[in-house]
Amino acid sequence: MIDNNIKLERTLSLKAVVLFGLAYMTPLIVLGTFGVIASTSQGAVPTAYLITTVAMLFTAYSYGIMARAYPISGSAYTYTRKAIDSRVGFMVGWSVLLDYFFLPMVIWLIGAAYLNARFPEVPSWLFLLGFIGITTSLNVYGIKMAARVNSLLMVFQILVIVFFVLLSVRHVVSSGGTSSLLSMGPFLGDNAGFTAIAAGAAVAAYSFLGFDAVTTLTEETIEPKRNIPLAIMLTALIGGGIYVLVGYTTQLVHPGSEFINADSAAFEIATMIGADLFGAVFLAGLVVAQFTSGLAAQASASRLLYAMGRDTVLPRRLFGALHARFRTPVFNIVLTGAIGVVALFLDVLSAASFINFGAFIAFIMVNLSVIFMVNRDADAKRRYGVVKGMLIPLVGAGVNLWLMSQLDSNAFVLGAIWLAIGLVQLIYLTRGFRQPPPEVDFDDSDDSSHTETSNAR
């Protein structure tokens, strides 16, 4: 049974939200992409991640400011429409759908590919449908249950990373002694220059896509004005710290950038440091990582659709409704799962080629939203000043614009087509830009009801 008057419940703690953010980022992605980044950065993986971590913290800071100012669901979509303009907000939300909509599909596709490689007798589509069915069921049942399962599986993923690091340290010590643990080699690579390291940092930035996803859980988080900004910074900082540490120890085990196969370099290294047994454990960890990441990604996608549906930007009866029993946006969750089935006809490369386009637009616009808010709001200007309210967000926007410029041409073509479709929808909703898009006025208190403004259709 669907009820449009049911509200989301505040049940998530700071710990649960941070774990959801880390699951979305998938800490094990540092090993899954190690060979590619090592090849690109000429063997300077930790340096590439260190640069990217610092860059992402600028944007995380801006997300924290906007989450504190507007503690409601919708993330970049909500922040931009509140701080800049409702029409700009719509286009940002539309572009973000590229990331949110298709990222779960890519995650499930990668997980299915790993399992199919280990069990080739089982068709890949069976693994894919299994991923979709289980994660969709958990998210429909409720965010609290999903958070519990997510926390349990995150523990296993972290354990795999810990064992990988410990086995790497043992391998290095047994080969060259304790002193070999302290080396500038992993940071310098094969005499890697700035251009190579910068290129590696651009690739490494993809590992951070999703740290902002915790903002979509604002209306289900306890004390959101405190916990959401903290969760954003902690997710980016912890995730970056894991990436740098694992990149450093793994680069110690395998210096340089030459691999039998860069795409599966981590399997080569896992077998080297722990034989076939740890190779099997490592594979299990990668599959679990994809599952937890898919769980978080689908939850976030459904909340973004819920926010847009509640604003009547999308049909409210479908997208803006919650299930009376489970108190979750069931239609949005099932829709996201259904889109995942499209992966049956795609490969990983084609599916992932354009999801980053929308993410970088979101990062850029959230930074700019802080600047607009500070310029328009006297209280915000006094609170944040020039450095916090303008300089830091400006640096964040510039860095993300540069990272976006590193995307291949196909991403820009597909992204432009998606934006064109969104523009047509915006023209329809605004009657040719003669009126603002539909909007809902939210009260962030726990007891308040949601009321539509005069702009809603």
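Of note:
- Whether a residue is closer than 19 Å to residue 308 by Cβ and modelled with pLDDT under 90 was assessed, and residue 434 does not pass this test.
- Hits in the range 55-72 - residues which are touching a Gly at 6+ places or on another chain (Cβ under 8 Å), open to solvent by 10 Å² or more (accessible area, probe 1.4 Å) and modelled with pLDDT under 90: 55
- Given (1) within 30 Å of residue 206 (Cβ to Cβ); (2) at pLDDT 90 or above; (3) not hydroxyl-bearing (Ser, Thr, Tyr), number of the condition residue 399 does not satisfy: (2)
- Test: residue 272 is over 15 Å from residue 140 (Cβ atoms) and open to solvent by 40 Å² or more (accessible area, probe 1.4 Å): yes
- Considering the range 278-366, the qualifying helices (runs of 4 or more DSSP H), each wholly inside and each with 1 or more residues that are at pLDDT 75 or above and surrounded by 24 or more Cβ atoms within 10 Å (Cβ to Cβ), run over 330-340.
- Residue match in the range 378-389 (condition: in a helix (DSSP H, G or I) and under 21 Å from residue 91 (Cα atoms)): no
- Condition met for residue 90 (in contact with a Leu (Cβ under 7 Å, 6 or more places away or on another chain) and open to solvent by less than 30 Å² (accessible area, probe 1.4 Å)): yes
- Failed item, numbered, when residue 146 is tested on (1) of a type in the set (A, V, I, L, M); (2) at pLDDT 80 or above; (3) surrounded by 21 or more Cβ atoms within 10 Å (Cβ to Cβ): (2)
- Test: residue in the range 217-234 that is farther than 15 Å from residue 26 by Cα, in a helix (DSSP H, G or I) and of a type in the set (Gly, Ala, Ser): yes
- Total residues in the range 183-216, condition free of Cβ contacts under 8 Å to residues at least 60 places away in the same chain and in a helix (DSSP H, G or I): 2
- For the range 183-206, a residue qualifies if it is open to solvent by 60 Å² or more (accessible area, probe 1.4 Å) and over 29 Å from the mean Cα position of the chain (by Cα), and the qualifying residues are 184, 190, 191.
- Options 168, 180; residue that is in a helix (DSSP H, G or I), small (Gly, Ala, Ser) and open to solvent by 20 Å² or more (accessible area, probe 1.4 Å): 180
- Close pairs from the range 300-314: first closer than 21 Å to residue 136 by Cα and among the acidic types (Asp, Glu), partner open to solvent by 10 Å² or more (accessible area, probe 1.4 Å) and not in a helix (DSSP H, G or I), Cβ under 6 Å, at least 6 apart: none
- Residue that is least open to solvent (accessible area, probe 1.4 Å), among those in the range 258-269 that are outside any helix (DSSP H, G or I) and modelled with pLDDT under 80: 259
- Among the residues making up the range 207-254, those that are within 30 Å of residue 173 (Cα to Cα) and open to solvent by less than 20 Å² (accessible area, probe 1.4 Å) are 207, 239, 240, 243, 246, 247, 249, 250, 251, 253.
The values are calculated or read from the model by the stated rules, or taken from the named source; none is laboratory data. Keep in mind it's a predicted model, so treat the numbers as computed, not measured. FYI the Cβ positions are ideal-geometry reconstructions off the backbone, even for glycines, and counts take in every protein chain you see. With ligands, DNA and RNA removed, areas are computed over all heavy atoms of the protein, side chains included. Shrake-Rupley method; radii C 1.70, N 1.55, O 1.52, S 1.80 Å.
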